[in-house]
1. In this structure, is residue 87 touching a Gly at 6+ places or on another chain (Cβ under 6 Å) and without any contact (Cβ under 8 Å) to a residue 60 or more places away in the chain?
2. In region 39-54, is there at least one residue being closer than 16 Å to residue 102 by Cα and more than 13 Å from the chain's Cα centre (by Cα)?
3. For residues in region 1-23 being within 13 Å of the chain's Cα centre (by Cα) and more than 8 Å from the ligand (Cβ to nearest atom), which is farthest from residue 66 (Cα to Cα)?
4. Are any residues in region 67-106 part of a loop (DSSP other than H, G, I, E, B) and within 13 Å of the ligand (Cβ to nearest atom), and if so, which ones?
Amino acid sequence: MNTEKTIFSKIIERDIPADIVYEDDKCIVINDINPKARVHLLVIPKKPIPTLFDLSPEDKDLMGHMMLLLPQLAQAQKLDGFKTQINTGESGGQEVFHIHIHLIGE
Ligand code: AMP
């Protein structure tokens, strides 16, 4: 098993800096370093789950928590609509193997 910390775990643990826009006990939200739109946030669970394929039933509350956060974050950014994306696996375009939801809007 790969025990190397992901870049997102390093951000969560403040080993490396990031532009943090929100944080609670379950997740952190940062500005994407390479934004694809005016608003491009990453909602990242503190639990380092590599991909959606690795979710287990015990993660239901955590995933629900992040889903409920999305419209709140969008409103705080003055968005009246937004896109979400979860890249999964190498063939799904995933680069960082620590689940994250992209929130993108203009
Ligand atoms: P994905 O293809 O879904 O794994 O996307 C990973 C995202 O993380 C990309 O949009 C990157 O621009 C973003 N990213 C990578 N490193 C950082 C970082 N240190 N701070 C903020 N965003 C990052």
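1. Yes.
2. Yes, region 39-54 contains at least one residue that is closer than 16 Å to residue 102 by Cα and more than 13 Å from the chain's Cα centre (by Cα).
3. Filtering first and then ranking leaves 6.
4. If the condition is that a residue be part of a loop (DSSP other than H, G, I, E, B) and within 13 Å of the ligand (Cβ to nearest atom), then 86, 87, 88, 89, 93, 94, 95, 96, 97, 98, 99, 100 are the ones that fit.
Computed from the coordinates by the stated procedures, all read-outs in this text should not be read as laboratory data. Since this is a predicted model, take the numbers as computed values, not measurements. As a convention, Cβ positions derive from the backbone with ideal geometry for all residues, glycine included, and neighbour counts pool all protein chains shown.
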